[in-house]
Structures are given as C-alpha cells and as structure tokens.
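Colleague: Structure provided below as structure tokens; questions to follow.
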Amino acid sequence: MQQSIEIMAPAGSPESLTAAVKAGCNSVYFGIEQLNMRARSSSNFTLDDLRDIAKRCKEANVKTYLTLNTILYDHDLRLMRKIIDTAKESGISAVIASDHAAMAYAKQVGLPVHISTQANITNIETVQFYAAFADVMVLSRELSLNQVKSITREIEKRKITGPSGELIRIEVFAHGALCMAVSGKCYLSLHSNNASANRGACIQNCRRSYIVTDKEDGHELEIDNEYIMSAKDLCTIDFLDKVIDTGVRILKIEGRGRSADYVHTTVSCYRQAADAVLNNTFTPEKAQAWKNELSTVFNRGFWDGYYLGRKLGEWSDSYGSKATEKKHYIGRAIKYFRKAEVAEFKLETGELSIGDTILITGPTTGVVRFEVDEIREAELPVNMVKKGHSISIKVPERIRASDKLFKIEPNEIHLN
Amino acid sequence: MIQIIFHRHKCIGCNACTESAPGRWRMSHKDGKSNLIGSVQKKRVHIAKVGYDEYEANLEASRNCPAGIIEVNGQD
C-alpha cells in the first residue's frame, strides 16, 4: 500500500478555492481566461489572479494546477504562451494540457505538465508517449480498475519516468459528473447550439429528456428511461480501497461549475476516506456515512462509473440535482466583531429561527456551516426573525462583511 | 443602418462569427478573442454601425455565437 494520496479539488471560484484548501485538499485546479473546459460555466480567474492564488496555496502547502485544456486554434497560440509564461512566473505548480502545442511550450519554458482527461489516455504506450512531457497523467474515465491497475504496474515494470526523472504518477477521477461521450469528446452541444464542449462551452443538452417521433405517422414516444443521455454522477467512496489499491496516486474531484459547499463536502469526505484506506481503518459503515454526506450536495444520483467493469452507463431518471439538502439564500453579512466572535447579518429574504442550520460562504471565508443557537436583534435575544431585520449571531470562526448567508433545508422531493 | 453590439470580454474565441461574417469579424492573435471590425468601444461593450447588406451574415454570427454575446439590432 502506498504512503500518500493526493486529493485534487476543483476551484471554479474564489469561494470554492478557499473551501477546498480548508477542507484539506492537497492540490487545486482552476481555469483562467477562455482556454479551459469551463470557459462558459464557472467564473474563471484572470491572469492577474495567478500570483495571489499561487501564494495563498503555497502557504497552505497546496499545489496549484492551471487548466489549459481546450483544443487550440492558431489564433489562441499567443494567449496560450502568455498564460503559460504568467503561470511559470507566478509560481503555479503545473499546467493541465491536452493540446500538443501547450505541452511543447510548457516543457520548453520549464513549467511541469499534467496530461488532461481530454487526451483520453487508455493504454501504456500512450503513457510512454506522453512521458516525454509530463510526470502526472489522468487516465480516461472509461477504464475499469483492472485496466488502471495494469497500467500502473507496467509503469513500474518498464520504469517509465517523466521529465523530473521520477516514475509517472497516475491520477483518476474519484467523484463528480460523467459525460455521455468518451471523456468530453462530445459534439452534441456543438451540433445543436454551435457551442463546442471542446472549447469549454458545453450547454449540457444531454442532461435533458427527449421525445422520439415516428416519422411515418407522427406518433411521439417519450423515452421510457427518460434521461437516456444523462449519466448519473461518479462516486467511488464505497470502493475507494479498491481504487487506491490500483496504484493511483491522485484522486481528482470534478466540479469547477459547482458551489463552495459542494467542494467542501466532497473534499473532506474523500480526504477522510483516503486517509482511512491508508491507515487500514476503512470500513463499509464509514463509507456509507460518507456517501450519505456526499448525497447532501449536488448530484444526479450516484453510480460507480466504469471502474467496476460495467458495459453501459447508468442514466439519471430526473433533471438536475438529487441532493438531499437545499440551501436558500437569506441574506448577507454586514460586519464581523472579532473579539466577541459575533457577526451581524441583514436578512434580505425568508426567515431564520433558533435551531436552523446555516451556511456562510465568501471568497476568503470559504464555507462555514453550523446550527444557530442564539439570535440577537438590537442586543435582545429572539427566537425568530423575518426579512428586513438586522441580527447578530455567534459564529464559530471568522467570517467577513459581504459573505452570503444561506439556510439549509431538507430537499423533500428526494427524501424517501 | 444596423447596429452590432458585442460583449467582447465574454468571448471564448471559438471563431464562429468570423466564419459567418468574415468581413466584419477577425480573430485577435493577441488575446485569442474576436474583434468587431470598425467598432467603437463603450466601457466593455463594442458597437459597430454597418450597412443593411451585412444584416444577414451578422444575424447568423449572432445566432451561432455559443456565448450569446452578439446582438444585431434590426433595420430601421
């Protein structure tokens, strides 16, 4: 069994970045400008943010990976070089690339390269090919664990090393959305809306339900399985021991389009589970508890992906999330009083009572979640407040003005 | 005249507009985004007033833009 497992977290926003670091990730990945696979859906960082991200993460001993993994056209080349140069100057740990031009340039300037899932590595010869450029490679999500294991074994047997001289380290996706196509190589969104998934503009029309029309008589059939192109989300927590046993070194969590609380929950569950596997304290009961926790945040229902050798995908039976909890925005922080550890909030909508669970998110705060045991209005204790009122609440850690306040409620539609 | 409004900062550089209306759009090799030729910049918005003859091609550019950031205001 191995010594350490790296948990790689998605950081689609400053809030998610902070949440990932606080939850115990070892590395984060994020995009800047338009040349990344979430050009459309996440609030990407800019070149100017790189130095700050690298500094903050270095202080927390977290590695920083910059995604530069769309297909590249001639007109993108100068921007690609600028992004890589700036990443190198800013102290970013590595760039995640799939286009050979980006790999070649990063190698030329001495910025470590990771091979993206868009390169679809499915065999040992391809690993050997990319070893000229990269020390870390993510394998295609469509491989079984047996196939993953045979690749990691063969790397050791053949002593395949990357530019650093160390053996190639293999990364796999542990959690998050799966694509109906082979790891992102999809044309559906481009075909229907001219929005190429391979330029980070996927409109996710695979997630919708469709009707089949008989061209002869016009009869319409709603497809029984409903969302036939919408794969359920990958969740490996209940067989994480088997995943780690394949010899992978890095577990990647998908979700640059997801919220900070999603990132916090997924990172902390996988961190604990991976540590439990390494300490030989991983049990099915613990795994079930983590899975229950994972189901509180966005998911389309879980399945084990292709890792356990299933031939066909499992399709979602509904649109959107099956999360067992919902968060409602109710207001914003006005001020934090450091000595008293109390924060003042303005309730903009809804209501709040003692006993409610709340979530506070912000770019520097990340995610703070707790149960409210005391609410004060004009210094007097109250049991419940409605919108329009300003209140103060004791908070377990420092938060900041303008942080968002959410109330957590059970998502009754999905509770059985 | 027709008016083309382009929210350039949201451009993902996919090249679709230059295929639809090559005379009016050109990919910048500097930052990989598209340039609306002959436009005037007002804050983050780029605006060009062009002849009716360019309406069809730019309407197509607008429809094909995956980021939805090109508006073409019809003939008056």
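Read the figures in this text as sums done on the coordinates, not as results from a lab. The model shown is predicted, which means the values in this text are computed figures rather than measured ones. Here Cβ is always computed from backbone atoms with ideal geometry, including for glycine, and neighbour counts include all displayed protein chains.
Colleague: Any number yet on Rg/Rh for the protein assembly as shown, C-alpha, Kirkwood?
Modeller: Rg divided by Rh gives 0.99.
Colleague: Moving to a separate point now. Using a Gaussian network model on chain A with a 10 Å cutoff between Cα atoms, which of A:366, A:110, A:176 fluctuates the most?
Modeller: So, out of A:366, A:110, A:176, the one fluctuating most is A:110.
Colleague: Pull out a ≥ b ≥ c, the square roots of the eigenvalues of the alpha-carbon gyration tensor of the stretch A:325-414, then state rounded if a/c is under 1.5, prolate if not and a/b is larger than b/c, and oblate in the remaining case. Kindly include the intermediate steps, with their values, before the conclusion.
Modeller: On the way: a/c = 1.65, a/b = 1.21, b/c = 1.37.
Oblate is the answer for the stretch A:325-414, as a/c is 1.5 or above yet b/c matches or exceeds a/b.
Colleague: From the Cα gyration tensor of chain B, with a ≥ b ≥ c the square roots of its eigenvalues, which class applies: rounded if a/c is under 1.5, or else prolate if a/b is larger than b/c, or else oblate?
Modeller: Prolate, since a/c reaches 1.5 and a/b exceeds b/c.
Colleague: Using θ = phi - 60° and the Karplus curve 6.51 cos²θ - 1.76 cosθ + 1.60, what whole-Hz ³J(HN,Hα) does each residue of the stretch A:144-159 get, with Gly and Pro shown as x?
Modeller: 8, 4, 4, 5, 4, 4, 5, 5, 5, 5, 5, 4, 5, 4, 7, 6
Colleague: Please give the length that would be gained between residue A:344 and residue A:166 if that part of the chain were fully extended, namely 0.36 nm times their separation in residues minus their C-alpha to C-alpha distance (nm, one decimal).
Modeller: So the extension gain works out to 58.9 nm.
Colleague: Still on this structure, please answer the following. What shape does the stretch A:1-156 take by its C-alpha gyration tensor, where a ≥ b ≥ c are the square roots of the eigenvalues and a/c under 1.5 counts as rounded, a/b above b/c as prolate, and the rest as oblate?
Modeller: Details: a/c = 1.72, a/b = 1.21, b/c = 1.42.
Judged from the Cα gyration tensor, the stretch A:1-156 comes out oblate (a/c at least 1.5, b/c at or above a/b).
Colleague: Have a look at A:358, A:323, A:248 and report the one farthest towards the positive end of the charge dipole of chain A, computed about the Cα centre with Cβ charges (Lys/Arg +1, Asp/Glu -1).
Modeller: The one lying farthest along the dipole's positive direction is A:248.
Colleague: If the label point is 7 Å along Cα→Cβ of residue A:357, which residues in the stretch A:326-348 have backbone nitrogen under 14 Å from it?
Modeller: The answer is A:326-328.
Colleague: Choose one of A:54, A:114, A:406: the residue whose Cα lies farthest towards the positive end of the charge dipole of the protein assembly as shown (beta-carbon charges +1 Lys, Arg; -1 Asp, Glu; about the Cα centre).
Modeller: A:54
Colleague: Another question about this same structure. Summing -39500 (n - 2.57) over the DSSP H runs of n ≥ 4 in the protein assembly as shown and dividing by its residue number, what mean residue ellipticity at 222 nm do you reach, to the nearest 500 deg cm²/dmol? Mind showing how you got there, number by number?
Modeller: On the way: 12 runs with 122 residues, N = 492.
Result for the protein assembly as shown, helices only: -7500 deg cm²/dmol.
Colleague: Same structure again: What does the charge add up to near residue A:194, with Lys and Arg as +1, Asp and Glu as -1, over the other residues with Cβ less than 12 Å from its Cβ?
Modeller: 0
Colleague: So, with +1 on the Cβ of K and R and -1 on the Cβ of D and E, and no other charges, what is the size of the charge dipole of chain B about its Cα centre, to the nearest 20 debye?
Modeller: Dipole size: approximately 540 debye.
Colleague: To continue, here is another question. If the elastic network links every pair of Cα atoms under 10 Å, which of A:69, A:292, A:198 fluctuates the most in the Gaussian network model of chain A?
Modeller: A:292
Colleague: Add +1 for every Lys or Arg and -1 for every Asp or Glu among the other residues with Cβ under 11 Å from the Cβ of residue A:350, and state the total.
Modeller: Within the 11 Å Cβ shell, the charges total -1.
Colleague: Can you tell which of A:157, A:58, A:286 shows the greatest fluctuation in a Gaussian network model of chain A with Cα springs below 10 Å?
Modeller: A:157
Colleague: To the nearest 10 degrees, how steep is helix A:77-90 against the longest Cα principal axis of chain A, on a 0 to 90 scale?
Modeller: 60
Colleague: Taking the Cα centre as origin and putting +1 on Lys and Arg beta-carbons and -1 on Asp and Glu beta-carbons, what dipole magnitude results for chain A, to the nearest 20 debye?
Modeller: My answer is approximately 1240 debye.
Colleague: What percent antiparallel are the DSSP beta bridges of chain A, to the nearest 5?
Modeller: In chain A, DSSP labels about 60 percent of beta bridges as antiparallel.
Colleague: Working from Cα positions, state the angle (0 to 90°, nearest 10) between the long axis of helix A:100-109 and the longest principal axis of chain A.
Modeller: For A:100-109 against chain A, the angle is about 80 degrees.
Colleague: Continuing with the same structure: In the structure displayed, which of A:63/A:107; A:185/B:30; A:252/A:291; A:327/A:386 lie more than 23 Å apart, Cα to Cα?
Modeller: Table pairs above 23 Å Cα-Cα are A:185/B:30.
Colleague: List the relative contact order of chain A as a percent without decimals, with contacts defined as Cα pairs under 8 Å and 6+ residues apart.
Modeller: RCO, chain A: 17 percent.
Colleague: Putting +1 on Lys and Arg Cβ atoms and -1 on Asp and Glu Cβ atoms, find which of A:235, A:168, A:196 reaches farthest to the positive end of the dipole of the stretch A:163-276.
Modeller: After comparing all options, I get A:168.
Colleague: Can I ask one more? With an 8 Å Cα cut-off and a minimum separation of 6 or more residues, compute the relative contact order for chain B in percent.
Modeller: About 45 percent, as a whole number.
Colleague: Cα axis of helix B:55-64 to longest principal axis of chain B: angle in degrees, 0 to 90, nearest 10?
Modeller: Relative to chain B, helix B:55-64 is tipped by roughly 40 degrees.
Colleague: If Lys and Arg each add +1 and Asp and Glu each add -1, what is the summed charge of the other residues whose beta carbon sits under 15 Å from the beta carbon of residue A:378?
Modeller: Values: positive: A:335, A:346, A:376, A:386; negative: A:344, A:374, A:377, A:379.
Cβ neighbours under 15 Å give a net charge of 0.
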